[in-house]
Amino acid sequence: MESSSSSSELQKLVEAIKISECMLNKAVLNVAAKHLDSDISGCLLQFLLLGTKASIWCGKHLKMTAMSTEESPEEEHCSFFYQLLLDFLRFSASSFSSMTRYSIVTDKASMEIVEKFILEQLNLTKDAISEIKNIDSIGAEVLKTAQAVIDAVIRLCKEYSQVINWEFSGAEPDNNENGMDCEQACIKNHFMNITTVTVEKLFELGILAANDGGSLVAILNVSWKGLVTLLQLAKGKLPVKVKVADIIVTLISLINGSLKCAAEAWSSSQKETVSINEARRIFVPIKFYLINAVKLASLYPCQAYLVYRDLALCVLTISTFKLLVSHEKLLKNVSEVMAELLEKTSLDLLSSLLNSNDVKQEFKYELLDWLFFDDCRSDAVNENPVSKRSMTSMDEIFSVSYEAMPRSRVLLLGQVALFSSFLRYSFDFEEDVKLMIARKLGWFMNLIIDEDIYSSILVSQIPVLYVSGKTVELIWGPMFSILLHALKTFMIVVSSTLAWEELGSFLVKNFFHPHFLCSEIMMELWCFLVRHAEMELVNGFIVELCALMKLVASPESVFVPASNLRKMARSICMFLSFSTTSVVDCVYNSVVGNDRSQLSSILYAALLLEGFPLSKLSQKMTSIAKEKIISDYFDFINSFDDKSLTVSSSEYGAPVFALSASLQSHQVTMSDIDMKTLKFLVAIVCGYRNSVDKFKKEFCCKLLSQTLGIVSNLSHLYAAKEMEEVILELHDLFVSGPAASDTLLHQCKPGLALFLAGLSNMGMSESDDCAKSSAVWELYHMLLRERHWAFVHLSIAAFGYFAARTNCNQLWRFVPRDAALSYDLVTGNEANEERFMSEFKAFLEKEMALPAVINSSEQQGLLLEEGFALKEKVRKVSNVNTDVARCDIMEIDDENQSIKRRKLPDGIKKGVELLHDGLKIISDSLTQWQPNHIESAELHDKFLTHFSSLENVISNLLVLSGSD
């Protein structure tokens, strides 16, 4: 008992001594504080020495007090000490303010005292903030006073910087070069030491506040802002011991850490939508770190370049994370806030290096190459894209190191989104950077061929921040549309820069890109160029395309949609739809005019098949063109008979194709057409049925398909009495006749579907005794039984159109029991009429609904398979092109090539040259021949026609013989 009592009394005595010590120090401090506002210039150093000793004592006592509080709380002593600590921090802040009123000390000993004072005050401030949770009673006041200390020391550095002679900033602080006297050198060295230690301590405070979790926002703000301010004051001349690169990397790690914590919280059993306020609470600090990193990178670009890989990975991580959360319904707000707060700021982090004159151009290339690295990831060629694919998770994004970045697929989508941001904000970049971006456009086209990228571009909706003047708007849009907008923006930005030549080369090289998505993008860009470029440039380009089209034209290519001729014609027609009337007239005259040659007919047919804009022609020319289409059509069907099928020229029948295309594009109307078209249709059916030659059958199939399309656009023909014969002939051909099993007839079924849809314009008996009605029912039965997905769509679309407009009541007669849509999807064996009606209803409802981009796993899975197949197609095409190019090079470089070409007998070469000379003579004579009466004019026209054909043949012979 006595021992316990003695221990208690001893403890009270120790506490009393501590309290007395605190009271004594407090009394001394109060006396010193009263004199700070008076003139203490003569004893400033003594005040600083007192402050240094007091801060060291407070620091040690703070640690001891924190330890004793955990073991045995001494409430009275703690209260006294924490109040003393608060008073001393106020004294420190006042001391810094007083120092700004006096000149900088110039002797070395005094400078050391000042530097030691600043170091100890900042150490104590950091220790106080570290223990803030243990001093709840006055914690808020301590934080406020600590902030005042930081503000005061930053102000002191600012005052000192104003007396530095920065003209000598190129010399070392302790050097006496360039006439700098010893005193100025010492002052500068003193300022650098003070600034360096302050920057280091603010850096430590910034990390401490960032790791607190949000309660030290004021300290976080003042420490990082102060750090940046001091680095600005030093004007980039701080000694090398201040490693700005390390500070930037720390900021990057704070960004990544905050993102990762948020991702872990949201990915673990997220059941509620994340609110905008919650998202902003997470991302406002991240933006703060980004802004400070941007400022430091702008001030010290060479230091920032040392860690460019960390910067690139951070920006790519942000870009990828934003896309990933945009796919999650509960995280839509997160994606929006990221687009608003982080997208542009993260891009500024990179542009601060790319736009800097201090960073060499080769280093900028290195940064962009690292950021948009070539696709060196090897995928198995025959690997199923769905089986190998695993959805990128949030954890995967943050597990990628910059060493593994070039070979990782995790950040692919982030690359696409980031490159899109580069394009949209390209007006912020310097000329050399714009050129570098233009050179990366080819890389971009190669990247979007990847099946993951391809599928995501087509199904993703992403948020984008659009700035128009002073208006800032956040919108959601399809990723594909946003990419197109970014590319168009880049076109405008570089239109008057050196990068335009690079962009033009990119547009030309990818004009016929084998991947349809890339091809669509290229056509959009070309159309944008045609709409907005100078008229002279556009006209010249279209004229060159027409000249190129003549080079690739051949009779066989007219009716092949994927041929080079049709592709060229498609592009020209698309561009003409945005051109002026004079340009469209010019193209029409250059292709048609008074030329009746075979080449002219081929080109004209190709243009009409691709939708040549007749309405864009001048009024007179439009009338002439439409009359020509109709007159050529009637000339053809009037002369059509069984003998016509012996003609082996593939371009024969072009007038039918031309009229069909013009009717379907609603550029030509034919309300006055007589019944010749129906007779022509019957003649084609009979021609097909009676022909045994494969060529004749193929020719009839093409004509039949186009003529069915023509009739489907002429509703008045369905009321003609001749229509019954047509229906019965078609029934005999497709359903009951011996030719019904011919696979060639499959190519006619799209036209047949259009024809059957048009039957809604015809009155029909619903009696079993009506042959015409029975034929229609069986034609629909045949079409609805087709189980290929394309035919299913065609047949159900045709039946839907018919059902919505016909007067027939017994629609069940048109649907067979074994229709394709009646079967179950699992086994494909069980047919059910109710299932057909259910699927039919769903089809009609989809047709009525507005199209919308929806990111669903099922849809993306299908697009993945499609994207994989398309990528393989591009790979094969690229390999073929490479082989052909190698062959061409080998032929040119082969020393014996000229000898090989001379192996033809000399007589052939000489004879071809004589033929060519004869052509020149005939051509000259034809130009001088001016027919003056009708018979002479007809002879002149025949000569022109045969001469044109002869010219093509002899030109080919010249090439084969190797003649110049």
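What follows draws every value from the coordinates through simple rules; no lab data is involved. Since this is a predicted model, take the numbers as computed values, not measurements. Positions of Cβ are backbone-derived with ideal geometry, glycine not excepted, and every protein chain shown enters the neighbour counts.
Listed values, structure above:
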{"quantity": "Karplus-derived HN-Hα couplings along the range 352-366 (A = 6.51, B = -1.76, C = 1.60, θ = phi - 60°), whole Hz, x at Gly and Pro", "calculated": "4, 7, 5, 8, 7, 6, 7, 8, 5, 4, 5, 6, 5, 4, 4"}
{"quantity": "Full-extension gain in nm, residue 789 to residue 580, via 0.36 nm per residue minus C-alpha separation", "calculated": "71.1 nm"}
{"quantity": "Residues with amide H under 5 Å from that of residue 831, placed H, sequence gap 5 or more", "calculated": "none"}
{"quantity": "For the range 606-614, 3J(HN,Hα) per residue [Karplus equation, 6.51 cos²θ - 1.76 cosθ + 1.60, θ = phi - 60°, Hz, x = Gly/Pro]", "calculated": "4, 5, 5, 5, 9, x, 3, x, 4"}
{"quantity": "About the Cα centre, charge dipole magnitude for the range 538-669 (Lys/Arg +1, Asp/Glu -1 at Cβ), debye", "calculated": "320 debye"}
{"quantity": "Loop-resident sites, the range 515-553, for GluC sites (Glu not before Pro), counting at most 10 other Cβ within 10 Å (DSSP)", "calculated": "534"}
{"quantity": "Net +/- balance of residues flanking residue 151 in space, Cβ distance below 12 Å, scoring K and R +1, D and E -1", "calculated": "+4"}
{"quantity": "Mean separation of Cα contacts under 8 Å, 6 or more apart, over the residue count of the range 538-669: relative contact order %", "calculated": "27 percent"}
{"quantity": "The range 694-852: relative contact order as a whole-number percent, Cα under 8 Å and 6+ apart", "calculated": "20 percent"}
{"quantity": "GluC sites (Glu not before Pro) within the range 250-324: DSSP coil, no more than 15 neighbouring Cβ in 10 Å", "calculated": "272"}
{"quantity": "Subset of 287/440; 749/841; 550/616; 620/676; 344/440 violating a 25 Å alpha-carbon distance limit", "calculated": "287/440; 620/676"}
{"quantity": "The range 735-823: trypsin sites (Lys or Arg not before Pro) in DSSP loop, at most 14 other beta carbons within 10 Å", "calculated": "787, 817"}
{"quantity": "Karplus 3J(HN,Hα) series, Hz, for the range 598-604 with 6.51 cos²θ - 1.76 cosθ + 1.60 (x for Gly, Pro)", "calculated": "5, 4, 4, 5, 4, 5, 5"}
{"quantity": "Separation of the residue 134 and residue 271 label points, Cα + 7 Å toward Cβ, nm", "calculated": "4.1 nm"}
{"quantity": "Shape category assigned to the range 691-734 from the gyration tensor of Cα positions, a/c cut at 1.5", "calculated": "oblate"}
{"quantity": "Amide hydrogen neighbours beyond the local backbone of residue 462, cut-off 5 Å, H modeled", "calculated": "477, 479"}
{"quantity": "Rounded if a/c under 1.5, otherwise prolate or oblate - the range 386-537, Cα gyration tensor axes", "calculated": "prolate"}
